[in-house]
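Participant: Dropping a structure here in structure tokens format, bear with me for questions.
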Amino acid sequence: MSNVIPEEQIGGMVRNCAAYCAKGTKVGDISLDAISDVLKNADGNFVWLGLYEPDEPLLKKLQEEFGLHPLAIEDSSKAHQRPKIELYDDTLFMVVHTAQMIRGAIEFGETHIFIGPRFLITIRHGASLSYSGARTRCEQNPSLMALGPSYGLYAILDFIVDNYFPIVEEFKRELNELEQDIFAESFKKETIQHLYELKRELTTYRLAVSPTQDIVNQLMQYHPQLVRKEVRVYLRDVFDHVIRVSEATDTMREMLTAAMSVNLSLVTVAQGEIVKRLAGWAGLLAAPTLIASWYGMNFTHMPELAGKHSYLILIAVTLVLTGGLYASLKKAKWL
């Protein structure tokens, strides 16, 4: 029995549903019920469907219209999947993580992709920009759209990867701003906290981005029945961009680790300098203290007490000794 879903219920979840002819031009928007009719025709038309956080009844409807595997449908209903690529009969199912900056913080989302010989389905969960721009660019190049769903897949992956770069630039900007605090003379606890938080975000970001490299690599090498040979040259460009993002992320993680070590080392050096100065002043005061305590003892027979100039001589000896110690400590940079 066919699943019937009220139009007002699917309006917010179905963002695009269109049919394209074998020449790459758009035939027109279609309803969900018309999908199976388009796929039954042997004229080479294919369907591109875009969804945002669909509910279970809508996913069941997709399973019916496209003949999707129930395990893949089950995964699509859950928004917390690891990045992966799996083959179910003649349909590829992919999970790619997306990321974008929202109010100064990184928000992560997922895009679940189904691609078959005559259809492309994208299901967005969480933080993710609309793919309408990528779809419009594809429609403006009918000769490339004639390559079928695999070219639309390239456009989606390229759009996702291109949105990784602004986040990398944001990380670089924050790291450059922190450099001034890292080398500041005074220690700030907030600097270490900010460095730690930045490294934690960068590690999470790397876990989201790196698997995309393996997914694109598999699309370049395998599944020739679904990924046209002409599209693989475009996928190489996406692969190159993913590598650049991964390398930039790894480099910044190393820089953050080094920055934390440098900051802690500078704090240790600064504390050492303070201890050296305190020790230097303690040594400088030790000489007159020793002499004063010596003459503060109540001995009866101290020959130098009877001299006429003994007091002046004692003052002079104390000043010379203290001055010599001061000069030595100053030269050793202990004062």
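The values are calculated or read from the model by the stated rules, or taken from the named source; none is laboratory data. Please read these numbers as outputs of a predicted model, since none were measured by experiment. Cβ placement follows ideal geometry from the backbone for every residue including glycine, while neighbour counts extend to all protein chains displayed. The accessibility values were calculated without ligands, DNA or RNA, using every heavy atom of the protein model including side chains. Shrake-Rupley method; radii C 1.70, N 1.55, O 1.52, S 1.80 Å.
Participant: Condition first: charged (D, E, K, R), in contact (Cβ under 8 Å) with a residue 24 or more places away in the chain and in a helix (DSSP H, G or I). Now tell me which residues in segment 182-213 satisfy that.
Facilitator: Lys199, Glu201, Arg206, listed by residue number.
Participant: So which residues in segment 12-31 are open to solvent by 20 Å² or more (accessible area, probe 1.4 Å) and closer than 13 Å to Phe119 by Cβ, if there are any at all?
Facilitator: Answer for segment 12-31, where residues must be open to solvent by 20 Å² or more (accessible area, probe 1.4 Å) and closer than 13 Å to Phe119 by Cβ: just Ile30.
Participant: Can you tell me which residue within segment 168-178, out of those that are open to solvent by 90 Å² or more (accessible area, probe 1.4 Å) and among the acidic types (Asp, Glu), is modelled with the lowest pLDDT?
Facilitator: The selected residue is Glu177.
Participant: Collect the residues in segment 205-230 that are at pLDDT below 90 and among the aliphatic types (A, V, I, L, M), keeping them in residue-number order.
Facilitator: Leu207, Ala208, Val209
Participant: Something else now. Looking at (1) within 30 Å of Glu179 (Cβ to Cβ); (2) surrounded by fewer than 11 Cβ atoms within 10 Å (Cβ to Cβ); (3) at pLDDT 85 or above; (4) not aliphatic (A, V, I, L, M), which is the one condition that is false for Lys333?
Facilitator: Going through (1) within 30 Å of Glu179 (Cβ to Cβ); (2) surrounded by fewer than 11 Cβ atoms within 10 Å (Cβ to Cβ); (3) at pLDDT 85 or above; (4) not aliphatic (A, V, I, L, M) one by one, Lys333 breaks only (3).
Participant: Tell me, which helices (runs of 4 or more DSSP H) lie completely within segment 21-83 with 2 or more residues that are under 25 Å from Gly133 (Cα atoms)?
Facilitator: In segment 21-83, 35-40, 56-66 are the helices (runs of 4 or more DSSP H) which contain 2 or more residues that are under 25 Å from Gly133 (Cα atoms).
Participant: Just need a number here: residues in segment 179-218 that are among the aliphatic types (A, V, I, L, M), surrounded by fewer than 17 Cβ atoms within 10 Å (Cβ to Cβ) and more than 15 Å from Pro83 (Cα to Cα).
Facilitator: 1
Participant: To continue, here is another question. Under 7 Å between Cβ atoms, which residue pairs at least 6 apart in sequence (or on different chains) link something in segment 308-335 that is among the hydroxyl-bearing types (Ser, Thr, Tyr) with a partner that is exposed (fewer than 14 other Cβ atoms within 10 Å of the Cβ) and part of a helix (DSSP H, G or I)?
Facilitator: Here the result reads Ser310/Glu304, each pair linking segment 308-335 to a residue that is exposed (fewer than 14 other Cβ atoms within 10 Å of the Cβ) and part of a helix (DSSP H, G or I).
Participant: Go through segment 139-165 and report how many residues are closer than 16 Å to Val238 by Cα and surrounded by 19 or more Cβ atoms within 10 Å (Cβ to Cβ).
Facilitator: 12
Participant: Just for segment 81-103: of the residues that are touching a residue at least 24 places away in the same chain (Cβ under 8 Å) and open to solvent by 60 Å² or more (accessible area, probe 1.4 Å), which one is farthest from the chain's Cα centre (by Cα)?
Facilitator: My answer is Asp90.
Participant: Now a separate question. State whether one or more residues within segment 283-296 are closer than 26 Å to Asp181 by Cβ, in contact with a Leu (Cβ under 7 Å, 6 or more places away or on another chain) and in a helix (DSSP H, G or I).
Facilitator: no
Conditions (1) surrounded by 13 or more Cβ atoms within 10 Å (Cβ to Cβ); (2) closer than 30 Å to Leu219 by Cβ; (3) among the hydroxyl-bearing types (Ser, Thr, Tyr); (4) touching a helix residue (DSSP H, G or I) at 6+ places or on another chain (Cβ under 6 Å), marked per residue:
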{"position": "Phe239", "(1), (2), (3), (4)": "yes, yes, no, yes"}
{"position": "Ala248", "(1), (2), (3), (4)": "yes, yes, no, yes"}
{"position": "Thr251", "(1), (2), (3), (4)": "no, yes, yes, no"}
{"position": "Asn263", "(1), (2), (3), (4)": "yes, no, no, yes"}
{"position": "Val275", "(1), (2), (3), (4)": "no, no, no, no"}
{"position": "Leu321", "(1), (2), (3), (4)": "yes, no, no, yes"}
{"position": "Leu329", "(1), (2), (3), (4)": "yes, no, no, yes"}
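Participant: I'm told Ser128 meets every condition in (1) open to solvent by 40 Å² or more (accessible area, probe 1.4 Å); (2) in a loop (DSSP other than H, G, I, E, B); (3) not basic (Lys, Arg) except one. Can you identify the failing condition by its number?
Facilitator: With respect to (1) open to solvent by 40 Å² or more (accessible area, probe 1.4 Å); (2) in a loop (DSSP other than H, G, I, E, B); (3) not basic (Lys, Arg), Ser128 is out only on (1).
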